[in-house]
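**Student:** Shown below is the structure under consideration.
The values are calculated or read from the model by the stated rules, or taken from the named source; none is laboratory data. No experiment lies behind these values; they were computed from the predicted model shown. Don't worry about glycine lacking a Cβ; one is built from the backbone with ideal geometry, like all the others, and counts go over all protein chains shown.
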């Protein structure tokens, strides 16, 4: 609900485009800095992930303070959102590098799909609660309550990141600035990054105008955004398992192609669906396909060789981030000049970029094995049981922390009220 909040604070298409482009444009130097930091302390990557995740999530306390104080407004909220994203780059790279060592390549598609599915069910519960809050209270009360509860739960869950563990604890390679830049010479990484850059540019043509057009042209309100988020959460959860098996069977190229061909049509359909029902149907269609594409993109990235993987992943993300920034700004200008034509330009660009991506992508990390139920069902059951246990522990822990925080707040308020009464009695 970050974009609807910015819209409520008065952001127009130019402001949204500028913010989106700034996030994308500053990602490359942040990725390089994260790669160098991770290389220097790679044996402590679990601690890096934990620390940066904590500070990144704490930025939402600043957003909450802005809403409660009515000081700073749009630009202050944008600044806190940007800092949260920037710090998340460091946590994200450490997390991605760690995940690659936790699951063997032969079953990554299904294992990460299973993880995403279980987390998806928890996400659905959160989205359902958020919908009730936003729809019932509106702006600004709904945002204050939802962000407050969400921030408490996010911070309470940070210590649980240690439960991942780090069985490998690899050493760094003594990476400096020159070493990081030398990774740009890797042809495979450059080809992958260039192909994804074309795709990222085309996709992000609508990145800064999608919600803005929905808000201004379709007269969408919080109930629209919460409904679409909930629909996306449910569909993404259900779509993960089949896409995981599909990726393990056919590899990244076919997964990119099948999901990408459907994604091409999404921006072309968007302007013709001005109702919530139409946008919900588009959300079902779009989320189903994006689930497969994003799963393939993630597994494709973590399949680089382990020794330089953290460097390659950073480089792999640099050019697409720059392209995303350029695409966002180009899309805003096209929208201001030609209106909804920008959505059709994005569709055409996606089709051309997909052709390049399909040609360039290798079969790296794919097994092309036939699915054998007998050989995979029991490992999936064990992994699923472990993830379910961890998820249950996380949920109970977060619930206890939330209860303790609410009880403490109530007791503090009661104590303050008691002091006020005593002072009045003494003064009277």
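**Student:** So, residue 395, is that one assigned to a helix (DSSP H, G or I) and modelled with pLDDT of 65 or more or not?
**Tutor:** Numbers: assigned to a helix (DSSP H, G or I): yes; modelled with pLDDT of 65 or more: no.
No: the conditions fail for residue 395.
**Student:** Taking residue 247 as the residue in question, decide whether it is buried (at least 20 other Cβ atoms within 10 Å of the Cβ), modelled with pLDDT under 90, in the same structural domain as residue 340 (by TED's automatic domain parsing) and farther than 18 Å from residue 119 by Cα.
**Tutor:** Details: buried (at least 20 other Cβ atoms within 10 Å of the Cβ): yes; modelled with pLDDT under 90: yes; in the same structural domain as residue 340 (by TED's automatic domain parsing): yes; farther than 18 Å from residue 119 by Cα: yes.
Considered against the rule, which asks whether it is buried (at least 20 other Cβ atoms within 10 Å of the Cβ), modelled with pLDDT under 90, in the same structural domain as residue 340 (by TED's automatic domain parsing) and farther than 18 Å from residue 119 by Cα, residue 247 comes out as yes.
**Student:** What number goes with the only condition from (1) within 21 Å of the chain's Cα centre (by Cα); (2) at pLDDT below 80; (3) buried (at least 21 other Cβ atoms within 10 Å of the Cβ) that residue 303 does not pass?
**Tutor:** (3)
**Student:** Now, a different point. Scan the stretch 33-49 residue by residue and report those that are crowded, with 20+ Cβ neighbours inside 10 Å and in contact (Cβ under 8 Å) with a residue 60 or more places away in the chain.
**Tutor:** Once the filter is applied, which keeps residues that are crowded, with 20+ Cβ neighbours inside 10 Å and in contact (Cβ under 8 Å) with a residue 60 or more places away in the chain, the stretch 33-49 yields 34, 35, 38, 39, 42, 45, 49.
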